[in-house]
Amino acid sequence: MRTVLALSIAILVLASSVFSTNSQAASQVNKTEINKKQAVELAKKVEDGKTLKITVLNDIYTVRILKSDGHVVDVHVNKKTGEVKKD
């Protein structure tokens with residue numbers, strides 16, 4: 001009976017340390033933010049062209065791109081998630 005109890009406690013301690021490590025890793029991933037260079041790279045995957053301007057407002061980078069046909073497009077990149085949206 002003592003062996004079963006000791007084994008159960010050992011499994012519980014091991015499982016809790018694994019979950020703790022996973023949650024720490026997840027929180028570290030969420031703390032890293034996209035920088036301006038990464039925002040431009042993400043925006044250029046959606047729209048090809050020359051980068052004219054990068055502005056930051058709250059958690060959004062706005063990357064203004066001049067396309068080869070002369071049109072100007074704004075691409076928005078979320079700093080925290082890396083989500084990309086076109087105007």
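The values are calculated or read from the model by the stated rules, or taken from the named source; none is laboratory data. All figures in this text were calculated on a predicted structure; none of them were measured in a lab. Quick reminder, even Gly has a Cβ in these numbers, built from the backbone with ideal geometry, and neighbours come from all protein chains shown. Please note that ligands, DNA and RNA were not included when accessible areas were found on the heavy atoms of the full protein model with its side chains. Shrake-Rupley method; radii C 1.70, N 1.55, O 1.52, S 1.80 Å.
On the given criteria, is ALA6 at pLDDT 60 or above and over 24 Å from the mean Cα position of the chain (by Cα)? Yes.
Condition check for ALA39 on (1) open to solvent by less than 60 Å² (accessible area, probe 1.4 Å); (2) in contact (Cβ under 8 Å) with a residue 40 or more places away in the chain; (3) out of contact with any Lys or Arg (no Cβ under 8 Å at 6 or more places or on another chain): one failure, at (3).
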